[in-house]
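Participant: Pasting in a structure now, in structure tokens, and then I'll have a few things to ask.
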Amino acid sequence: MTREEIIEKGQVVYKKPTLLNDTPMHYCPGCSHGVVHKLVAEVVEEMGMTEKTIAISPVGCAVFAYKYIDVDWQEAAHGRAPALASATKRLWPDRLVFTYQGDGDLACIGTAETIHALNRAENITIIFINNAIYGMTGGQMAPTTLLGMKTATCPYGREVSLHGYPLKITELAANLDGTCYVTRQSVHSVAAINRAKKAIRKAFEYSMQGKGSNLVEIVSTCNSGWKMSPEKANKWMEENMFAFYHLGDLKDTGADK
Amino acid sequence: MARMKGATVVDTERCKGCNLCVVACPLDVLALTGKEVNRKGYNFAHEVLSDTCTGCASCATVCPDGCITVYRLKTE
Amino acid sequence: MKGNEAIAHAAIRCGCDGYFGYPITPQSEVLETLAEQKPWETTGMVVLQAESEVSSINMVYGGASTGKKVMTSSSSPGVSLMQEGISYMAGAELPALIVNVMRGGPGLGTIQPSQSDYFQACKGGGHGDYHLIVLAPASVQEMADFVDLAFTLAFRYRNPAMILADGAIGQMMEKLVLPPFKPRRTEEEIIKECPWATTGRVGGRKPNIITSLELRSEEMEIINLRIQAKYREIEEKEVRYEEFMLDDAEYAIVAFGSAARIAKKSIEIARSQGIKVGLLRPITLWPFPTKEIQTLASRVKGILSLEINAGQMVEDIRLAVEGAVPVRHFGRLGGIIPDPDEVVDVLKRSF
């Protein structure tokens, strides 16, 4: 059996989701953003929400998310996406409203907007890409940068006496009464990607069921910022990031509500 | 015995040569080109052991750019 | 009814879809009145107290992005915090209403009335080349009437509009006739009237994107030029002002908002002493009545800009007059409202 025959007669077991359009993504080779974009596109498509989705993009690497996933998008100011999402969801309660934000945007400049939107139990989902660095501006220290990790603004490594501690904002979110589902996932392997997709689907469903706010953190790599190959970055993430940012569900009250 | 035969089609112009699909493939079906590059200057992924592919789609699942389409056919 | 309360009632009555705000003196009655009126139970209007002015304005940005009629209100320090969001809205060309009930600055300043945010309101305020449509009410009636007018202009030009009031108008109690009830637009109407809005890809249309970002310089220049052309059209068509006793006037006062009310009293006093003076009251501060003031300069001997600030609008008057007649400024600072008699003295001294 030739390759051509398999292609002609076989079934398609995987293809790029239709909602992820053909525009080449500006992300660096191997960037986790691409995988998460695919998952978001797949879930929106599979839920049949293409015509009812309003997404909010951040400032940071994902600022141009609106160019790649074919739903309606609002591009927010740095850190303010949860405020846009709060108003949008309240004004259009039957729409699927989610933000897509990085760690600098969500856990630093937008901490207030993040915490308060989550605690108001806004029926939205926040997709949080945590790669422990500012990617877009060239690899500076983020609130989530690990101790000892070198970045452009902590070139000798993050030190408590100079920079304080890395922020586990997802743990904070899990303690808020307004949150329904808080989970930390990753996309470094097939199994992890499948789990992350299920988490995004669950979060989107809860937000449509009016169960409160949902936060899906994706511990991610920034191989350019970390100055590693994509493969090495995945390994480094497994060894270092997961030791501090434990994977799994931190809270799931959706079934009780 | 029934066997799954698979095939991958890589959108080589979209591929950025990150190598994650090559690492993800359990059967070493894919590899990056050695010298050949696409219009953006990237080495790109392509099948080197096409007869081996089972169509598990691991490569396509991990591809950050959605470059890979996977087909599968049951054969006797 | 207080001016601030009038704003709240007018918002409910004009079919406003959402108010997002944060308490600050002297305008907290806007949010308080809305909370007390519970419009979410009647018209379905959303009312939300945000965690900051930064958040409020970005809620307005999000809401406006969906084609809904949304607004916020604040006072000077709070409006300073909002400037980032306002710039984004101007850049993304979003219709919305921002109410600034001004208090004296700089910094935390005072809670007493002031007009010292004229520059901020009329000259852009935030970063980038942009303008807001700025309406200056001089009575509680106008506080109510300008809500609907501001929304009308904002949607006509897809540009944020501002009601620039001050603590005196906000806190003042006057009789007024509330505008008639207008229903909120249905979702179908919004989708039809705002084909640009992010409402979800209803009917499978192409995605709508609300953004102020464009990294390609050539494209960004085109966007800027288009926005500038819109501003020229607004300047051409939307100038509003009031004339008071100008027919035989030898001198003119130009004043807006609270200062215009003082000016009217001063004019009465001055005329009783034989000084022929009248008032031109800009109602739109941007677009500014430049041509009208130019014409005025050709028939009076001098112009006094009466402002409750250190002299801001006077710059625009001088640009309009181009040195044809003397232009003077008088104002009080720190939250002090000028006394009509001292204005008459200034008139006598100045010309």
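The values are calculated or read from the model by the stated rules, or taken from the named source; none is laboratory data. Note that the structure is a prediction, hence the values are computed from the model and not measured. Glycine also receives a Cβ, built like all others from the backbone with ideal geometry; neighbour counts cover every protein chain displayed.
Participant: Six or more apart or on different chains, Cβ atoms under 7 Å: show the pairs whose first residue is in the stretch A:188-206 and in contact (Cβ under 8 Å) with a residue 12 or more places away in the chain and within 17 Å of B:Pro64 (Cβ to Cβ) and whose second is in a helix (DSSP H, G or I) and acidic (Asp, Glu).
Facilitator: Once the first residue is in contact (Cβ under 8 Å) with a residue 12 or more places away in the chain and within 17 Å of B:Pro64 (Cβ to Cβ) and sits in the stretch A:188-206, its partners that are in a helix (DSSP H, G or I) and acidic (Asp, Glu) give A:His188/A:Glu238; A:Lys197/A:Glu42.
Participant: Any chance the stretch A:4-20 includes a residue that's more than 13 Å from chain B (Cβ to nearest Cβ), surrounded by fewer than 24 Cβ atoms within 10 Å (Cβ to Cβ), more than 20 Å from the chain's Cα centre (by Cα) and part of a helix (DSSP H, G or I)?
Facilitator: Restricting attention to the stretch A:4-20, the residues satisfying the condition of being more than 13 Å from chain B (Cβ to nearest Cβ) are none.
No, the stretch A:4-20 has no match at all.
Participant: State whether one or more residues within the stretch A:139-147 are at positive phi, out of contact with any strand residue (DSSP E or B) (no Cβ under 8 Å at 6 or more places or on another chain) and more than 14 Å from chain C (Cβ to nearest Cβ). Write out each step before concluding.
Facilitator: Taking the stretch A:139-147 as the starting set, the residues that turn out to be at positive phi are A:139.
Subsequent filtering for residues that are out of contact with any strand residue (DSSP E or B) (no Cβ under 8 Å at 6 or more places or on another chain) retains none.
Looking through the stretch A:139-147, none of the residues is at positive phi, out of contact with any strand residue (DSSP E or B) (no Cβ under 8 Å at 6 or more places or on another chain) and more than 14 Å from chain C (Cβ to nearest Cβ).
Participant: Among the residues of the stretch A:32-54, which ones are farther than 22 Å from A:Ser189 by Cα and surrounded by fewer than 24 Cβ atoms within 10 Å (Cβ to Cβ)?
Facilitator: A:Glu45, A:Met47, A:Gly48, A:Met49, A:Thr50, A:Glu51, A:Lys52, listed by residue number.
Participant: When you scan the stretch C:75-138 for helices (runs of 4 or more DSSP H) that lie fully inside it, which ones turn up with 1 or more residues that are without any contact (Cβ under 8 Å) to a residue 60 or more places away in the chain, more than 14 Å from chain A (Cβ to nearest Cβ) and within 14 Å of the chain's Cα centre (by Cα)? Break it down stepwise before answering.
Facilitator: Values: elements: C:76-81, C:83-92, C:118-122.
In the stretch C:75-138, C:76-81, C:118-122 are the helices (runs of 4 or more DSSP H) which contain 1 or more residues that are without any contact (Cβ under 8 Å) to a residue 60 or more places away in the chain, more than 14 Å from chain A (Cβ to nearest Cβ) and within 14 Å of the chain's Cα centre (by Cα).
Participant: Check off (1) under 24 Å from A:Thr53 (Cα atoms); (2) among the hydrophobic types (A, V, I, L, M, F, W, C); (3) crowded, with 24+ Cβ neighbours inside 10 Å for A:Ile133 and give me the number that stays unchecked.
Facilitator: (1) is the only condition that A:Ile133 fails.
Participant: Another one. Here are some residues: C:Glu242, C:Glu268, C:Glu236. Which one is farther than 15 Å from C:Ile133 by Cα and either among the polar types (S, T, N, Q) or within 20 Å of the chain's Cα centre (by Cα) (or both)? Step through it out loud before you land on a result.
Facilitator: On the way: C:Glu268 fails: either among the polar types (S, T, N, Q) or within 20 Å of the chain's Cα centre (by Cα) (or both); C:Glu236 fails: farther than 15 Å from C:Ile133 by Cα.
Matching residue, one of C:Glu242, C:Glu268, C:Glu236: C:Glu242.
Participant: Mind checking which helices (runs of 4 or more DSSP H) fall wholly inside the stretch A:155-257 and carry at least 1 residues that are surrounded by 22 or more Cβ atoms within 10 Å (Cβ to Cβ) and among the β-branched types (Val, Ile, Thr)? So that I can check it myself, show each step before the final result.
Facilitator: Details: elements: A:160-163, A:169-174, A:190-208, A:223-226, A:230-236.
Because the criterion is at least 1 residues that are surrounded by 22 or more Cβ atoms within 10 Å (Cβ to Cβ) and among the β-branched types (Val, Ile, Thr), the helices (runs of 4 or more DSSP H) in the stretch A:155-257 that meet it are A:169-174, A:190-208.
Participant: Quick one: which residue in A:Thr114, A:Thr153, A:Thr125, A:Thr145 is over 15 Å from A:Thr253 (Cα atoms) and in contact with a Ser or Thr (Cβ under 8 Å, 6 or more places away or on another chain)? Show your work before the answer.
Facilitator: Details: A:Thr114 fails: in contact with a Ser or Thr (Cβ under 8 Å, 6 or more places away or on another chain); A:Thr153 fails: in contact with a Ser or Thr (Cβ under 8 Å, 6 or more places away or on another chain); A:Thr125 fails: over 15 Å from A:Thr253 (Cα atoms).
That would be A:Thr145, the only listed residue that is over 15 Å from A:Thr253 (Cα atoms) and in contact with a Ser or Thr (Cβ under 8 Å, 6 or more places away or on another chain).
Participant: Let me ask you something else. Of all the helices (runs of 4 or more DSSP H) wholly in the stretch C:13-65, which have at least 3 residues that are crowded, with 24+ Cβ neighbours inside 10 Å and in contact (Cβ under 8 Å) with a residue 40 or more places away in the chain?
Facilitator: C:53-65
Participant: Please tell me if A:Ala62 is free of Cβ contacts under 8 Å to residues at least 60 places away in the same chain and under 30 Å from A:Lys227 (Cβ atoms).
Facilitator: Working: free of Cβ contacts under 8 Å to residues at least 60 places away in the same chain: no; under 30 Å from A:Lys227 (Cβ atoms): yes.
So A:Ala62 fails the test.
Participant: Among the listed residues C:Phe146, C:Phe181, identify the single one that is aromatic (Phe, Trp, Tyr) and within 20 Å of C:Ser28 (Cβ to Cβ).
Facilitator: Values: C:Phe181 fails: within 20 Å of C:Ser28 (Cβ to Cβ).
The match here is C:Phe146.
Participant: Looking at A:Val71 and the list (1) surrounded by fewer than 22 Cβ atoms within 10 Å (Cβ to Cβ); (2) within 28 Å of B:Val9 (Cβ to Cβ), which single condition is not satisfied?
Facilitator: (1)
Participant: If I filter the stretch C:244-267 down to residues being in a helix (DSSP H, G or I) and free of Cβ contacts under 8 Å to residues at least 60 places away in the same chain, which single residue comes out as surrounded by the most Cβ atoms within 10 Å (Cβ to Cβ)? It would help to see each step written out before you state the result.
Facilitator: Taking the stretch C:244-267 first, the residues in a helix (DSSP H, G or I) are C:257-267.
Checking which are free of Cβ contacts under 8 Å to residues at least 60 places away in the same chain leaves us with C:264, C:267.
On the way: C:Lys264: 17, C:Ile267: 26.
It comes out as C:Ile267.
Participant: Additional query: Restricting attention to the stretch A:111-138, and to residues there that are under 15 Å from the mean Cα position of the chain (by Cα) and part of a loop (DSSP other than H, G, I, E, B), which single residue is farthest from the other protein chains (Cβ to nearest Cβ)?
Facilitator: The residue in question is A:Ala132.
Participant: Please tell me if C:Thr72 is surrounded by fewer than 24 Cβ atoms within 10 Å (Cβ to Cβ) and either more than 14 Å from chain A (Cβ to nearest Cβ) or modelled with pLDDT of 95 or more (or both).
Facilitator: Details: surrounded by fewer than 24 Cβ atoms within 10 Å (Cβ to Cβ): no; either more than 14 Å from chain A (Cβ to nearest Cβ) or modelled with pLDDT of 95 or more (or both): yes.
The answer is no for C:Thr72.
Participant: So C:Glu218 clears everything in (1) out of contact with any strand residue (DSSP E or B) (no Cβ under 7 Å at 6 or more places or on another chain); (2) assigned to a strand (DSSP E or B) except one condition, right? Which one?
Facilitator: C:Glu218 satisfies all of (1) out of contact with any strand residue (DSSP E or B) (no Cβ under 7 Å at 6 or more places or on another chain); (2) assigned to a strand (DSSP E or B) except (2).
Participant: Moving on. From the set of residues in the stretch A:45-75 that are touching a strand residue (DSSP E or B) at 6+ places or on another chain (Cβ under 8 Å) and farther than 23 Å from A:Asp105 by Cα, which is nearest to the other protein chains (Cβ to nearest Cβ)?
Facilitator: A:Lys52
Participant: Any residue at all in the stretch C:165-178 that is surrounded by fewer than 23 Cβ atoms within 10 Å (Cβ to Cβ) and touching an Asp or Glu at 6+ places or on another chain (Cβ under 7 Å)?
Facilitator: Narrowing the stretch C:165-178 to residues surrounded by fewer than 23 Cβ atoms within 10 Å (Cβ to Cβ): C:171-178.
Adding the requirement that they be touching an Asp or Glu at 6+ places or on another chain (Cβ under 7 Å) leaves none.
The answer is no; no qualifying residue exists.
Participant: Ok, one more. Inside the stretch A:86-98, can you point out the residues that are at the interface with chain C (Cβ under 10 Å from one of its Cβ atoms) and either farther than 17 Å from A:Glu217 by Cα or within 13 Å of the chain's Cα centre (by Cα) (or both)?
Facilitator: Pass one, the stretch A:86-98, residues at the interface with chain C (Cβ under 10 Å from one of its Cβ atoms): A:86-97.
Residues satisfying the conditions are A:Ser86, A:Ala87, A:Thr88, A:Lys89, A:Arg90, A:Leu91, A:Trp92, A:Pro93, A:Asp94, A:Arg95, A:Leu96.
Participant: Please give the number of the condition C:Ala8 fails out of (1) small (Gly, Ala, Ser); (2) within 16 Å of C:Val79 (Cα to Cα); (3) buried (at least 21 other Cβ atoms within 10 Å of the Cβ).
Facilitator: C:Ala8 satisfies all of (1) small (Gly, Ala, Ser); (2) within 16 Å of C:Val79 (Cα to Cα); (3) buried (at least 21 other Cβ atoms within 10 Å of the Cβ) except (2).
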